[in-house]
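Notes to accompany the following structure.
The values are calculated or read from the model by the stated rules, or taken from the named source; none is laboratory data. A quick note: this is a predicted structure, and the numbers were derived from the prediction, not measured. Neighbour counts are summed over all protein chains in view; Cβ atoms, including those assigned to glycine, are modelled from backbone coordinates with ideal geometry. Please note that ligands, DNA and RNA were not included when accessible areas were found on the heavy atoms of the full protein model with its side chains. Shrake-Rupley method; radii C 1.70, N 1.55, O 1.52, S 1.80 Å.
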Amino acid sequence: MNVPRPKAAAPDPHDFLAVDTDLSDTERDIRDTVRAFATRELLPNVADWFEAGTLPDPRGLAKAFGDLGVLGMHLEGYGCGGSSAVSYGLACRELEAVDSGLRSFVSVQGSLAMAAIHKYGSEEQKNTWLPKMAAGEAIGCFGLTEPDSGSDPGAMRTRARKDGTDWVLNGTKMWITNGSVADAAVVWAATDDGIRGFLVPTDAPGFSTNVIDKKLSLRASITSELVLEDVRLPAEALLPGAKGLGAPLSCLNEARYGIVWGAAGAAQACYESALEYALSREQFGRPIGGFQLTQRKLADMVVDVNHARMAALRLGRLKDEGNCHHNHVSFGKFANVAAAQRVAATARGMHGANGITLEYPVMRHMVNLETVATYEGTEEIHALSIGQSVTGISAFR
C-alpha cells in the first residue's frame, strides 16, 4: 500500500535549501550563540567603526571574543576550545555577516597566529602564548606578506641571520591585520636554511609598526606595516617545527577555510537586506519585490547564497573527516567570494540611493569583499590552484 507522504513545506526564504537542518545540535547552538553576540554587541556599532576607519577598542574586542570562545576555537588544548571545523566555520559565517573586518580579527588571531604557534611552536611557546591568546588577553598577528611579495611569498626579502646563538631579523611586512596592537608577531623570514618562522614580541628593540590609513575597504579593522630593524631574538624565538614555505602556507589555508564560510555570511546579509527592502520599498503603488526584474535579482541571489552555504558546509564536513585538501579550500574561496561579490553588487543596486549609505550594510559588504577577494590568495591564484589540481600541470612558473 502506498502511504501518502506529507506535503513538503515551502522553502524558508532565509535558508532556501534547508542547509542548516544538517547541523548537529552542538553546531546549531554555536551558530545561535555567535549570532546573538554579533547582533547584540557588534551590529549596532560596526557602521560607526567602519566610518571611523578603525576599531576603537581592539583589546576590549579581543577580550569579548575570548569570553565568547571563538579565538582558536578549533585548536586542541592550551585553553582552546577544540571545536569541529564546521563549528568554527559557522562562527566565521555569523561574524562576517556583520563585517569582514571582524571575522578577520578572529581569523588572524586563531587561524594564523595561534595556529602557527600550535602547529610549529615549542611547548614553552605554546604554554606561554596560546592560553592568553585564546582568552583574548594577548593579541597576535602574522607577518608573511611584504610590499613586493604578495602572491609569491617565496620571494620575501625579510632576512634572519644567526649571530652566535641569537637571530637578527631585518625586513618589512605589509597589510598585517592587528599589527599595531599585537603583543606577539609570527614573522616569516628567509635564512641560510630556508624560510623559518619566528615568534617576535612586539616590544622587542628594533620592532615598530605603522598603521595603514586611507583604506576604502575593511575599514573596521586595523591594518599595519611591520618594520624589523636589527631585531635581536634568542634561539628560543624560532618556531622549531616550521621549515620551508609550506609552513606559512598551511596556516594561510586554515584562514582561507574561514573565508569560505565568512563570504557566505556576507552574501547572506546582503541578500536579507535586499529582500527586506524589496518587500517594504514601494514604487508605482506596490512593493518593488512585486516586479519581475526585482524577483529575478532575488532569485539569482538566493541561488548564490545557498550554493555558498552548501559549499562551506561540505568543505567543513571534509575537513572534520580529515579529507579536505588545500585545493578544496581554493575551490571554496574562489567560488564563495565571487558569489558574495555578485550578491553584494546586486543588493546595492536594489537599494537605490539608500544603498550607498551606512544605514544599510550592502555597500560596506561590497567594498569589504574587494579585500576578501585579494587577501590570502587572489582570485587568480586560486583559479590556478584549481587548474593545477584538475590538469596535473602547474601554471605558476
- line: Relative contact order of segment 248-397 (C-alpha contacts under 8 Å, at least 6 apart) in percent is 29
- prompt: When ligands, DNA and RNA are left out and all protein chains stay put, how many square angstrom of accessible area per residue does segment 181-234 have with a 1.4 Å probe?
  reply: 40
Probe 1.4 Å, protein heavy atoms only - accessible area per residue of segment 249-397 in square angstrom: 46
- request: Taking only Cα atoms and a 10 Å spring cutoff, compute GNM fluctuations for the chain and point out the largest among Lys333, Lys132, Lys214.
  value: Lys214
query: Using alpha-carbon pairs under 8 Å, 6+ residues apart, how would you state the relative contact order of the chain in percent?
result: 17
message: I'd like the distance between the alpha-carbon centres of segment 101-180 and segment 1-38, rounded to an integer number of Å.
response: 38
message: Can you tell me which aspartates and glutamates have their Cα less than 12 Å from the Cα of Lys162? Leave out same-chain residues fewer than eight positions away.
response: Asp192, Asp193, Asp230
field: Carbon + sulfur, % of accessible area of segment 4-43 - ligands and nucleic acids excluded, 1.4 Å
entry: 57
- prompt: Cα convex hull of the chain: how many Å³ per residue?
  reply: 164
- prompt: log10 I(q)/I(0), Debye, Cα-only segment 1-140, no solvent, q = 0.11, 0.14, 0.20 Å⁻¹?
  reply: -0.47, -0.69, -1.18
task: Mind putting a number on the dipole of the chain about its Cα centre? Charges go on the C-beta only, +1 for Lys and Arg and -1 for Asp and Glu, and I need it in Debye to the nearest 20.
output: 900
message: Rounded, prolate or oblate, given the Cα gyration tensor of segment 97-190, with a/c below 1.5 counting as rounded?
response: oblate
task: Could you check how much of the accessible area of segment 149-242 is carbon and sulfur, as a whole percent, using a 1.4 Å probe?
output: 49
query: Which loop-located GluC sites (Glu not before Pro) does segment 94-172 contain, where loop means any DSSP state but H, G, I, E or B and the Cβ has at most 16 other Cβ atoms within 10 Å?
result: Glu137
- line: Farthest towards the positive end of the dipole of the chain, among Pro13, His74, Ile30 and with Cβ unit charges of +1 on Lys and Arg and -1 on Asp and Glu, lies the Cα of Pro13
task: Round to a whole angstrom and tell me the spacing of the C-alpha centers of segment 66-97 and segment 337-375.
output: 26
- request: Find the relative contact order for segment 105-196 and round it to a whole percent, using C-alpha pairs within less than 8 Å whose residues are 6+ positions apart.
  value: 30
